[in-house]
Amino acid sequence: MSILVDRNTKIICQGITGKAGLFHSQQCRAYAQQHRPGEDVFVGGCTPGKGGTTVDGFPVFDTVEEARRKTGANCSLIFVPPPFAGDAILEAADAGIELIVAITEGIPVLDMARTKKQLDANYPNSRLIGPNCPGVITPGVAKIGIMPGYIHTPGTVGLISKSGTLTYEAAWQLGNVGLGQSTAIGIGGDPIIGTMYLELLEMFQNDPGTEAILMIGEIGGNAEIVAAEYIRDHVTKPTAAFIAGKTAPPGKRMGHAGAIISGGKGTAAEKVAALEAAGVVVAESPADMGAAVQRAMQRRR
Amino acid sequence: MKIHEYQAKQLFAAAGIAVPKNIVAKTADEAAAAFAALGGPLAVVKSQIHAGGRGKGRFKEHPDQPGVVLVKSADAARENAARMLGSTLVTIQTGPEGKQVQTLLVEAGLNIARELYLGVVIDREVGKPVLIVSSEGGMEIEVVAEHSPEKILREHFDPDAGLFPYQARKLAFALGLEGNAVRSAEKFFRQVCRFFLDNDCSMTEVNPLVVTKEGELVALDAKVTFDDNALFRHPKLAELRDLSEEEPMEVAAQNAGLSYVKLDGNLGCLVNGAGLAMSTMDLIKLHGGEPANFLDVGGGANVEQVTEAFRIILADPNVKGILVNIFGGIMKCDTIVTALLAAYDNIGIKVPLVVRLEGTNVEIARKMLAESGKKIVTGMNLTDAAQKAVAAI
């Protein structure tokens, strides 16, 4: 079992004729073919004005609505450039796409505020992951994003992370201690993202295929504090966490728009304390994430 | 992107937001002329640097000269301006090196009845812009949040429609405003929220926001930060950027598509991904080292970008060693090694270099490193790499 992505997921890519869009569509298709030979998982793409053509065997459509109608896609991977990405997300939602994974980095934050407002008001059946994220993978089933597939092994740890490469690091460490993932999700490092920790924690808590949870956060904002309160009240599965940016100086933005400490708020220390108070095993070092999950699982036995 | 107070006030005025009468001065004589032109019995001369805390700040060259000063004559304006212009203002936000003042804002005095706080930011938890006001004008909002959170009032507003009149009135009444001040606040609050939306701000702050004895709200200070990701649709605003206010190496990094923040340590880091880069800094500290920088080469960096990254790291004379930590997703490990080997020769890397690679094409990359014949230490995992890098210094 898994969350968000399973054997019924059929994927298209918005922006498939761009360099990154095509490369990663090919990678995702290859991953599906390797793990589920003979099944059609990555079914095409969409670029306005290029409908009716094909690119490396992928049929290209002008609109997401047409792509969905003709391929049966229920998931869209978005590589559309930042000025147009908010619109691409809404086009996917309006076409009835259930899972929208936006990889695009650098979308204006007010565009995302407007996009999120529309999604919340009009498209309750569409879920957005990202933007500015590595995507979602259910190992052995489907990869929808830019993560290297081979580092993720099938298993029972639910992985939620704000950071891209840190997610890879965590998946790698989990693999080294013999723990695979039910599903791994990069939620994105932008100030406004489609899906935050809480909803995913709830899904993992309810997923019979998930035995433990690893949550990777960073400094800035208070999403991890809210998540800690949720875990304390609602999550019974063993949970481990890591917070990046313990040593970051206040007032400096560390790459992610979200990663900035202001006025003593959103520090790693605050977040670690809240998580530990909620019974979460917090990894002291980024090299210790896999082991922290092991400790969390042993503690509950 | 940050802008100066005088630039923010010009934008405010153009948007119909009330600001005190003011004149920009770049010489002492201009400051004196500005005082005369404003025509009042007193004026305030304000240093224009991006950092806050200017009123309490002092100049390196003139330890008794404050960064913001009240003057009562054209001569006093000239004398103060002469000490301020070209001198280095040190405030709690500039760091000990301070910032050189090149521009002054000369501003007419106001009949102040009350000082309030106003700020507009994005509330990431709700995914909406939010107007924040407080009766505690002039104080840092973070301090108010800590000591008297009940004095902070918030209204989230629609990113298309802006702040509705009833929302503005609600805040005005909650602040205890009366009569004409309520009407003035309704207009002021809505205009500032509209300004935030129209200009793709990431922050608009007015602290203090003055209520005059005549019941008008006026922006005594103005701090505006724009969303860098939205500047493409505001070419006029992008021109307001003052590069002299920014760390030169951070600007160079930005131009190369890298994310770099200079820190005080001696171990340089080159990492892909912001989260991993922050974690690498944490790990260095954990093993007794001090990171010299945060540097994220991003997901799709090419040979030129990686070479530039090394150049930027090595431009810092404090750097005594470099730790490269790459987990290849989009970025293939062999790309990094190709760049690393090119940079090693081109730039002439003389400090110890520890490299930890994992991910796409890692086997090819490790083989390239091993066969290069260069003195590059390989870290087998995160901890190993951090320990070796700290030990190498």
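Only residues that are small (Gly, Ala, Ser), modelled with pLDDT of 95 or more and not in a strand (DSSP E or B) were counted in the stretch A:131-169, giving 1. How many residues are of a type in the set (Lys, Arg) and out of contact with any Leu (no Cβ under 9 Å at 6 or more places or on another chain) when one looks only at the stretch B:39-69? The qualifying residues number 1.
Scanning the stretch B:258-293 for residues that are touching a Leu at 6+ places or on another chain (Cβ under 7 Å) and part of a loop (DSSP other than H, G, I, E, B), we see that the one that is nearest to the other protein chains (Cβ to nearest Cβ) is B:GLY273.
Sub-6 Å Cβ pairs linking a first residue in the stretch A:265-281 that is over 14 Å from A:ARG232 (Cα atoms) to a second residue that is surrounded by 19 or more Cβ atoms within 10 Å (Cβ to Cβ) and of a type outside the set (S, T, N, Q), at least 6 apart or interchain, are A:GLY266/A:ILE219; A:GLY266/A:GLY220; A:GLY266/A:GLY221; A:THR267/A:ILE261; A:ALA268/A:ILE219; A:ALA268/A:ILE243; A:ALA268/A:GLY245; A:ALA268/A:LYS246, ordered by first then second residue. Any residue in the stretch B:315-329 that is at pLDDT below 90, assigned by TED's automatic domain parsing to the domain that holds B:PHE294 and among the charged types (D, E, K, R)? So far as the stretch B:315-329 goes, no, none of its residues is at pLDDT below 90, assigned by TED's automatic domain parsing to the domain that holds B:PHE294 and among the charged types (D, E, K, R). The residues of the stretch A:113-127 that are more than 14 Å from chain B (Cβ to nearest Cβ) and of a type in the set (S, T, N, Q), listed by number, are A:ASN125, A:SER126. Of the residues in the stretch A:118-127, not one is crowded, with 24+ Cβ neighbours inside 10 Å, in contact (Cβ under 8 Å) with a residue 40 or more places away in the chain and under 30 Å from A:VAL157 (Cβ atoms).
Only residues that are among the charged types (D, E, K, R), under 27 Å from A:ASP111 (Cα atoms) and in contact with a helix residue (DSSP H, G or I) (Cβ under 6 Å, 6 or more places away or on another chain) were counted in the stretch B:161-192, giving 2. Can you report the number of residues in the stretch B:63-113 which are surrounded by 18 or more Cβ atoms within 10 Å (Cβ to Cβ), modelled with pLDDT under 95 and not in a strand (DSSP E or B)? Looking only at that region, the number is 4.
For the stretch B:1-40, a tally of residues being among the aromatic types (Phe, Trp, Tyr) and in the same structural domain as B:LYS72 (by TED's automatic domain parsing) returns 1. Looking at B:ASP200, B:ASP228 in this structure, which one is surrounded by fewer than 21 Cβ atoms within 10 Å (Cβ to Cβ), modelled with pLDDT under 95, over 21 Å from B:ARG54 (Cβ atoms) and assigned by TED's automatic domain parsing to the domain that holds B:SER135? Result of the check over B:ASP200, B:ASP228: B:ASP228. Residues in the stretch B:350-367 that are touching a Cys at 6+ places or on another chain (Cβ under 9 Å) and among the hydrophobic types (A, V, I, L, M, F, W, C): B:LEU357, B:VAL362, B:ILE364, B:ALA365. B:GLU358 satisfies every condition listed in (1) charged (D, E, K, R); (2) more than 21 Å from B:GLU308 (Cβ to Cβ); (3) assigned to a helix (DSSP H, G or I) except (3).
If you go through the stretch B:201-239 and pick out every residue that is more than 16 Å from B:LEU177 (Cα to Cα), in contact with a Gly (Cβ under 8 Å, 6 or more places away or on another chain) and part of a strand (DSSP E or B), you end up with 6. B:VAL351 satisfies every condition listed in (1) part of a helix (DSSP H, G or I); (2) hydrophobic (A, V, I, L, M, F, W, C); (3) away from chain A (no Cβ under 14 Å) except (1). Please verify whether the stretch B:308-323 includes one or more residues that are within 14 Å of chain A (Cβ to nearest Cβ) and touching a residue at least 24 places away in the same chain (Cβ under 8 Å). Yes: one or more hits. Only residues that are within 12 Å of chain B (Cβ to nearest Cβ) and at pLDDT 95 or above were counted in the stretch A:273-287, giving 1.
Rundown of residues vs (1) within 30 Å of B:ALA43 (Cα to Cα); (2) aromatic (Phe, Trp, Tyr); (3) within 15 Å of the chain's Cα centre (by Cα); (4) at the interface with chain A (Cβ under 10 Å from one of its Cβ atoms), yes/no style:
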| residue | (1), (2), (3), (4) |
| --- | --- |
| B:GLN191 | yes, no, no, no |
| B:CYS201 | yes, no, yes, yes |
| B:THR204 | yes, no, yes, no |
| B:THR212 | yes, no, no, no |
| B:LEU220 | yes, no, no, no |
| B:ARG233 | no, no, no, yes |
| B:GLU239 | yes, no, no, no |
| B:LEU243 | yes, no, yes, no |
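Applying the condition of being buried (at least 24 other Cβ atoms within 10 Å of the Cβ) and not hydroxyl-bearing (Ser, Thr, Tyr) to the stretch A:174-188 and asking which residue is farthest from the other protein chains (Cβ to nearest Cβ) yields A:GLN181. Every condition in (1) in a helix (DSSP H, G or I); (2) within 13 Å of chain B (Cβ to nearest Cβ) is met by A:ILE107 except one, and the failing one is (1).
Only one entry of A:ILE89, A:ILE100 meets the criterion of being in contact with a strand residue (DSSP E or B) (Cβ under 6 Å, 6 or more places away or on another chain), over 16 Å from A:VAL141 (Cα atoms) and within 14 Å of chain B (Cβ to nearest Cβ), and that entry is A:ILE89. Can you tell me which condition A:ALA142 does not meet? The list is (1) more than 19 Å from A:MET289 (Cα to Cα); (2) in contact (Cβ under 8 Å) with a residue 60 or more places away in the chain; (3) under 10 Å from the mean Cα position of the chain (by Cα), and all the others hold. Of everything listed in (1) more than 19 Å from A:MET289 (Cα to Cα); (2) in contact (Cβ under 8 Å) with a residue 60 or more places away in the chain; (3) under 10 Å from the mean Cα position of the chain (by Cα), A:ALA142 misses just condition (3).
For the structure I just gave you, tell me whether A:PHE79 is of a type in the set (Phe, Trp, Tyr) and touching a residue at least 40 places away in the same chain (Cβ under 8 Å). Yes, satisfied. Of all residues in the stretch A:214-223, one or more are within 11 Å of chain B (Cβ to nearest Cβ) and in a helix (DSSP H, G or I). In the stretch B:155-168, the qualifying residues are those that are surrounded by 17 or more Cβ atoms within 10 Å (Cβ to Cβ) and either in a helix (DSSP H, G or I) or free of Cβ contacts under 8 Å to residues at least 12 places away in the same chain (or both), and the one that is nearest to the other protein chains (Cβ to nearest Cβ) is B:GLN167.
Quick check: is even one residue across the stretch B:42-52 of a type in the set (S, T, N, Q), part of a loop (DSSP other than H, G, I, E, B), surrounded by 21 or more Cβ atoms within 10 Å (Cβ to Cβ) and in contact (Cβ under 8 Å) with a residue 40 or more places away in the chain? Yes, the stretch B:42-52 contains a residue that is of a type in the set (S, T, N, Q), part of a loop (DSSP other than H, G, I, E, B), surrounded by 21 or more Cβ atoms within 10 Å (Cβ to Cβ) and in contact (Cβ under 8 Å) with a residue 40 or more places away in the chain.
The values are calculated or read from the model by the stated rules, or taken from the named source; none is laboratory data. Nothing here was measured: the structure is a model prediction, and the numbers come from that model. As a convention, Cβ positions derive from the backbone with ideal geometry for all residues, glycine included, and neighbour counts pool all protein chains shown.
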